[in-house]
Amino acid sequence: MDTPITDRTEFGAIDIGKNVNWLRIFRGLALEPVCEPLKVRTTQAGLAVVTAQIDARLAHCDRFYLALEPTGIYHENWARALADRYRAHIAGTQPPPLDFRFLNPYRVKLKRQQLAGRNTKTDPLDLIAMAHCLRDGVGYPAWYPTGVELQFQEWIAAYYQAARAQRLLARTILTQLDRLWPGALVDGTQFRRAHPELEPPIPIVQSHPLERERLRTLLDYCPNPYAALDLGQDGLMALLRQHIGRCGPATAQRIRQVWLTAVLPAPEAAAVYTQRLQAAWQRYHDLEAHLSDLQTQAEALVPQSPAAVLDTIPGVSAFLAARYLAAVGHHRRFPDPDAIWRLAGFDVLQDDSGDRRRAGHISKRGDPTFRDTLYLIGWHTSRQCPPIQQARQRALDRGLGDVGATLHAAHKANRLCGRLLYDQSPYDPQRHR
C-alpha cells in the first residue's frame, strides 16, 4: 500500500449476499474494530444504513478503504450505488480520499483459512479476512461496465451461454448417433493403436463430425438408418450430390457399409431414437444461427469501441477483438498486460524452498473462456503477425511443443493487445516488433 497506514486510516469491508449484506469497519494497522458486524437487507433501506455508517466514519479518518467481493451478479447494483455516492471522495476532490476496491474471493478465502482454519467460514470472519486483505494492499480498483463496455459484457455472456448449450447438445447428438449408427463415428487412429490385431473400422467421417457436410446432410434428411438403407446406393449418392455437390459410388457404398455391418437397434427403437435426435439436431441448428447472429453483433460493435485498435493486428478478427475487450472491460482498468494475463489464470505459480526456486504450472485461477480467447489470438497471430510468428518459432526451437509454443505466442500477443488497447494506438509493423 503506497500511503502509510496511521491510526486515522480506516477500512470498510462489505460481504455481499443475495438477500443480506454485512458491513464492518476497522481502524489502523492493528485493524481495531470500530463497530460490531452489521447485517442489513439488500434493499434501499439497507443501503442507507450502510452509507450512514460510512458517512459517520469519513468525518473521523484521513483515508478510507472500502472493499467488497465481486461475487456473481449480486455486487453490481451496490457497487454502482456506492461508487456514485462517494464519487467525489474516490476522485480525490473531497476529503478524505476513499479507495474503493474489489477483492478476489480466492484471496479472501486464503486469508480466512490462515486466520481461522481450513473449514471455518462465517460472514463476520469473512469481514475480518477482507480487512486484512485491504490493509495488505490486496485488491484492484472497483469497476463496473457502462456504455459500450456494458454492451460487450452482455454480449459475451450471451455468446458463452449459447456456446456452452451447443457443446452440451453436441454430446447428446453424438450419443444418439452411437445408438442409431453404431461404428459410424470412430477414431480410426486411436482404434488401430489400441487394437492392432483387429480390422480397423471405416467411419463415415474421421473427425469433427458435426462440422462435416456429409454427416450433416445425413442428419438433416435420413437420420434413421433403416430409411437410409431403403434409399439404396443410387438414392444415397443422389441425395449427397444434391446437397453437397459431390459423392461417388465408392463413398456411397462405404457409408452404406457402416449400416449394413452394424448391429442396429430394432426398427421400433430406431424410430424413437430418431425422433429425439431430430429434435436435438434442430436445436443445434438454432444455436448455430444464434451464435452467428452474435458474431455479427460483435463485428458491428467493435468499430465504435476501444477494441477497434485490436482489429488492426494481423490475425485478430473483430470477433476475437470483441472477446478480448469483453473480458478486460474498461481498456485502462489494468496497469499493464501482465495483469490481464493473470486475469485469465495464465500466471505461473512460484515454488520456492530454501535455495531452490522453480516456476510451476499455470495457476488457472481466472476465466477459462478468456484463456481460450487468448489461445486463439496466439494461434491466429502466430500465423499472420511477424513478431508473434517469430516468438512462436523461438519457442519451438527451444523444444516446446505445439501447445506450449502457441501459449508463448499468446503471451506476446496479449502484451501487444494490452498495450494497444491501453494507448488506443493502432498496430504499426515498424514500431511493434
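Throughout, read-outs are computed from the coordinates displayed, never taken from laboratory work. Here the structure is a predicted model, which is why all the values come from computation and not from measurement. Note that each Cβ is placed from the backbone with ideal geometry, even for glycine, and that neighbours are counted across all protein chains shown.
Positive end of the dipole of the chain (Cβ unit charges, origin at the Cα centre): among 271, 235, 66, the Cα lying farthest that way belongs to 66. By DSSP, the beta bridges lying fully in the stretch 9-144 are antiparallel in about 55 percent of cases.
Computed about its Cα centre, the charge dipole of the stretch 68-114 is approximately 200 debye, with only Lys, Arg, Asp and Glu carrying charge at their Cβ. For the chain, hydrophobic long helices are taken as DSSP H runs at least 30 Å long by C-alpha position along their axis with mean Kyte-Doolittle hydropathy of -0.5 or more; these are 147-180, 402-423.
In the chain, the DSSP beta bridges split such that about 65 percent are antiparallel, to the nearest 5.
Working note: Debye formula, equal point scatterers on the alpha-carbon atoms of the stretch 220-333, no solvent; log10 I(q)/I(0) at q = 0.13 Å⁻¹ is -0.71.
What is the mean projected area of the alpha carbon convex hull for the stretch 168-294, to one decimal in square nanometres?
Values: hull surface 34.3 nm².
Approximately 8.6 nm², given one-decimal rounding.
Please give every one of the lysines within straight-line cross-link reach of residue 39, meaning a C-alpha to C-alpha distance under 27 Å, and leave out same-chain neighbours fewer than 8 residues apart. Partners found: 18, 109, 111, 121.
Helical runs (DSSP H, four residues minimum) scored at -39500 (n - 2.57) apiece and divided by the length of the chain put the mean residue ellipticity at 222 nm at -18500 deg cm²/dmol. Using only the alpha-carbon atoms of the stretch 273-346 as identical scatterers, what base-10 log of I(q)/I(0) does the Debye formula give at q = 0.11, 0.23 Å⁻¹? The Debye formula, applied to the Cα set alone, gives -0.43, -1.01. Loop-located trypsin sites (Lys or Arg not before Pro) in the stretch 1-58 (DSSP state other than H, G, I, E, B) with a sparse environment of at most 10 neighbouring Cβ atoms within 10 Å: 18.
Average projected area of the Cα convex hull of the stretch 103-200, in nm²? Orientation-averaged projected area of the Cα hull: 13.1 nm².
For the stretch 9-144, the alpha-carbon radius of gyration amounts to 0.96 times the rule-of-thumb value 2.2 N^0.38 Å expected for a compact globular protein. So if the hydrodynamic radius of the chain is defined as the Kirkwood radius over C-alpha pairs, what does Stokes-Einstein give as its diffusion coefficient at 20 °C and 1.002 mPa s, in µm² per second? Translational diffusion coefficient: 82 µm²/s.
Hey, got a sec? Which trypsin sites (Lys or Arg not before Pro) in the stretch 226-276 land in a DSSP loop and have at most 12 other Cβ atoms within 10 Å?
Values: sites: 241, 246, 254, 256, 276; in loops: 246.
Taking the stretch 226-276 and a limit of 12 other Cβ atoms within 10 Å, the loop trypsin sites (Lys or Arg not before Pro) found are 246.
Start at zero, step by 10 Å, and the Cα-Cα distances of the stretch 238-295 spread as 18, 25, 41, 14, 1 percent across the bins. For the stretch 184-268, chymotrypsin sites (Phe, Trp or Tyr not before Pro) meeting the loop criterion (DSSP other than H, G, I, E, B) and having at most 16 other Cβ atoms within 10 Å: none.
Close amide H contacts of residue 65 (hydrogens built in the peptide plane, cut-off under 5 Å, sequence separation of 5 or more or a different chain): 10, 11, 12, 99. Size descriptors for the stretch 218-257, from the alpha-carbon set: Rg then Dmax equal 9.0, 24 Å.
For each of 178, 397, count neighbouring Cβ atoms within 10 Å of the residue's Cβ, then give the residues from fewest to most. Please list the in-between numbers first.
Details: 178 13, 397 9.
The most exposed by this proxy come first: 397, 178.
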